[in-house]
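The values are calculated or read from the model by the stated rules, or taken from the named source; none is laboratory data. Note that this is a predicted model, so its numbers are computed, not measured. Here the Cβ positions follow ideal geometry from the backbone for every residue, glycine too, while neighbour counts run over all protein chains shown.
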Amino acid sequence: MVTSIESQLLSNTTELRAQVDLIVNSAPVADAHTHLFPPEFNELCLWGIDELLTYHYLTAEALRSARITYERFWAMSKTDQADLVWKTLFVDNTPTSEAAQGIISVLDVFGLDTRAPDLKEARAFFHSQTIAEHLDQVFDFARVSGVVMTNDPFDDAEDQLWSSSISVDRRFSSSLRLDSLINTANLAVSTVTQTRAFLDDWIQRRNPVYMALSLPPDFSFPSDDTRDRLLREVILPTAKEHRLALTLMVGVRRGVNPQLRDAGDALGRADVTAIERLCLEYPDVRFLVTFLSRENQHELCVAARKFSNLMPFGCWWFLNNPSIVSEITRERFELLGQSFIPQHSDARVLEQLIYKWKHARRQIADALYDSYQQLLDRGRAITPEEISRDVNRLFSGNFNDWFDPR
């Protein structure tokens, strides 16, 4: 007698591939880390073709080929910068980089000419959109159910917006980004007390999903420095008291080429044992961790096998290229099963959600299919319900469980 679940077993590769693609491409995703802001944040809400083309991924690439000095480029208006980037990367050259192909994916979704000689059509389209309707459309195209913002409690402009009692779109959750704090040179006892009180108040009023830090490759723990004291006396006690996860993004080297401004940062290999020591010493704190160096990924997976309070997430920044995303995702499946968050968009411009999740879903689907195919070859078939369970866990379940442990 064949049971109901056995009748749904996917026993051939064609059916299996079709189900994986269908489920992965239709599942809503909770985006664990972005730099997006809702329309209520006015000029902080970035969208449209000029913002897309002048993002630092593309300006760095364009300035490799364009015959122009840094000084002249930065003196241009944003419109002129976008025109230069378009001509350099999309007209005079074939857009083969991941960042350039992302623009192609965005234009294609909106039915715009991806081979246009200029930006007239694209600008006309985006100028015709109302931000509220456009936001809904982008979230729908990307199949994103919600995003986590990056909120700096020490930024005066952002603080004024929060203090104006605006009603924030429910799809935008806040986070408490503490880079400004961690770079404090001196730390007095009074500063510790005041900072704890300040963070307590911010958390109560803004209800962040997590606290977050971006750290350099030389981050170490324990360490006899101000950063260590801030972690021990301010950040980690606050995380524990408020039951907030601490997100750590490790490996960025700031300002390697200052003339490129935001595009001038680079990466370095970090010490994963610092994360292991944090997880061991603070078992009641949940750590969401990503590294910027490809060479750190295997070590992070192994560390996550040892500590249940460590969640690897995403393929960050310079790692967000299909070949590397594929490698990292497969490595995580092989070492961690489904106990990780495969990607976050890191989007700063609204429409980046479209291409980042479209491209990520392709790599995740490929890696997931290969894992299931191996199971099939080794004698265990899979059901559509099991695929849905796995994908929902990867795209939203792990996120929801990690940030709401109650």
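Please tell me if residue 248 is in a strand (DSSP E or B), touching a helix residue (DSSP H, G or I) at 6+ places or on another chain (Cβ under 9 Å) and more than 30 Å from residue 70 (Cα to Cα). Spell out the reasoning first.
On the way: in a strand (DSSP E or B): yes; touching a helix residue (DSSP H, G or I) at 6+ places or on another chain (Cβ under 9 Å): yes; more than 30 Å from residue 70 (Cα to Cα): yes.
For residue 248, the condition - in a strand (DSSP E or B), touching a helix residue (DSSP H, G or I) at 6+ places or on another chain (Cβ under 9 Å) and more than 30 Å from residue 70 (Cα to Cα) - is met.
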Handout entry: Residue in the stretch 144-169 that is surrounded by the most Cβ atoms within 10 Å (Cβ to Cβ), counting only those that are at pLDDT 95 or above and farther than 14 Å from residue 35 by Cα
Key = 144
Handout entry: Qualifying residues in the stretch 367-385 (those that are part of a helix (DSSP H, G or I) and touching a strand residue (DSSP E or B) at 6+ places or on another chain (Cβ under 9 Å)) - the one nearest to residue 144 (Cα to Cα)
Key = 384
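Just name the residue that is farthest from residue 174 (Cα to Cα) out of those in the stretch 382-406 that are small (Gly, Ala, Ser) and surrounded by fewer than 19 Cβ atoms within 10 Å (Cβ to Cβ).
Per the stated criteria, the residue is 388.
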Practice task
Collect the residues in the stretch 344-381 that are touching a residue at least 60 places away in the same chain (Cβ under 8 Å), under 17 Å from residue 330 (Cβ atoms), surrounded by 18 or more Cβ atoms within 10 Å (Cβ to Cβ) and not charged (D, E, K, R), keeping them in residue-number order.
Solution key: 359, 364, 365, 368, 369, 372
Handout entry: Residues being in a helix (DSSP H, G or I) and either acidic (Asp, Glu) or in contact (Cβ under 8 Å) with a residue 60 or more places away in the chain (or both) - total across the stretch 105-116
Key = 4
Practice task
Kindly indicate whether any position in the stretch 283-291 is among the acidic types (Asp, Glu) and in a helix (DSSP H, G or I).
Solution key: no
Practice task
Check residue 67 against each of (1) crowded, with 18+ Cβ neighbours inside 10 Å; (2) at pLDDT below 95; (3) not in a helix (DSSP H, G or I) and name the one condition it does not meet.
Solution key: (1)
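Residues that are β-branched (Val, Ile, Thr) and outside any helix (DSSP H, G or I): does the stretch 71-85 have at least one? Walk me through it before giving the result.
Restricting attention to the stretch 71-85, the residues satisfying the condition of being β-branched (Val, Ile, Thr) are 79, 85.
This time we only want the ones that are outside any helix (DSSP H, G or I), so: none.
Among the residues of the stretch 71-85, not one is β-branched (Val, Ile, Thr) and outside any helix (DSSP H, G or I), which makes the answer no.
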Practice task
Could you please give the count of residues in the stretch 36-50 that are within 18 Å of the chain's Cα centre (by Cα) and not in a loop (DSSP other than H, G, I, E, B)?
Solution key: 1
Problem - Candidates 138, 148, 168, 144, filtered to the one that is hydrophobic (A, V, I, L, M, F, W, C) and either under 26 Å from residue 272 (Cα atoms) or over 23 Å from the mean Cα position of the chain (by Cα) (or both) - result: 148
Practice task
Examine the stretch 86-102 for a residue that is charged (D, E, K, R), surrounded by fewer than 22 Cβ atoms within 10 Å (Cβ to Cβ), outside the structural domain of residue 353 (by TED's automatic domain parsing) and free of Cβ contacts under 8 Å to residues at least 40 places away in the same chain, and state whether such a residue exists.
Solution key: yes
Exercise for the section: Inspect the stretch 371-386 for any residue being under 19 Å from the mean Cα position of the chain (by Cα) and over 25 Å from residue 262 (Cβ atoms) and give the result as yes or no. Expected result: no
Practice task
Only residues that are touching a residue at least 24 places away in the same chain (Cβ under 8 Å) and either part of a loop (DSSP other than H, G, I, E, B) or closer than 16 Å to residue 20 by Cα (or both): list them for the stretch 327-343, please.
Solution key: 329, 330, 333, 338, 339, 340, 342, 343
Problem - Counted residues, the stretch 202-237 - those being more than 29 Å from residue 267 (Cα to Cα), outside any loop (DSSP other than H, G, I, E, B) and modelled with pLDDT under 95 - result: 4
Fill in the blank from the handout: Residues of the stretch 275-316 being surrounded by fewer than 18 Cβ atoms within 10 Å (Cβ to Cβ) and among the hydrophobic types (A, V, I, L, M, F, W, C), in sequence order, are 280, 302, 307
Practice task
Restricting attention to the stretch 28-40, report how many residues are surrounded by fewer than 20 Cβ atoms within 10 Å (Cβ to Cβ) and within 24 Å of residue 399 (Cα to Cα).
Solution key: 2
Practice task
Exactly one condition in (1) exposed (fewer than 14 other Cβ atoms within 10 Å of the Cβ); (2) out of contact with any Pro (no Cβ under 9 Å at 6 or more places or on another chain) is not met by residue 246; state its number.
Solution key: (1)
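When only residues in the stretch 317-336 that are under 22 Å from residue 246 (Cβ atoms) and either in the same structural domain as residue 102 (by TED's automatic domain parsing) or over 14 Å from the mean Cα position of the chain (by Cα) (or both) count, which is surrounded by the fewest Cβ atoms within 10 Å (Cβ to Cβ)?
Taking the stretch 317-336 and keeping what is under 22 Å from residue 246 (Cβ atoms), we get 317, 319, 328, 332, 336.
Next, only the ones that are either in the same structural domain as residue 102 (by TED's automatic domain parsing) or over 14 Å from the mean Cα position of the chain (by Cα) (or both) stay: 328, 332, 336.
On the way: 328: 26, 332: 25, 336: 16.
Among them, the one singled out is 336.
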Exercise for the section: Output yes when any residue across the stretch 162-170 is among the basic types (Lys, Arg) and either under 23 Å from residue 249 (Cα atoms) or not in a loop (DSSP other than H, G, I, E, B) (or both), and no when none is. Expected result: no
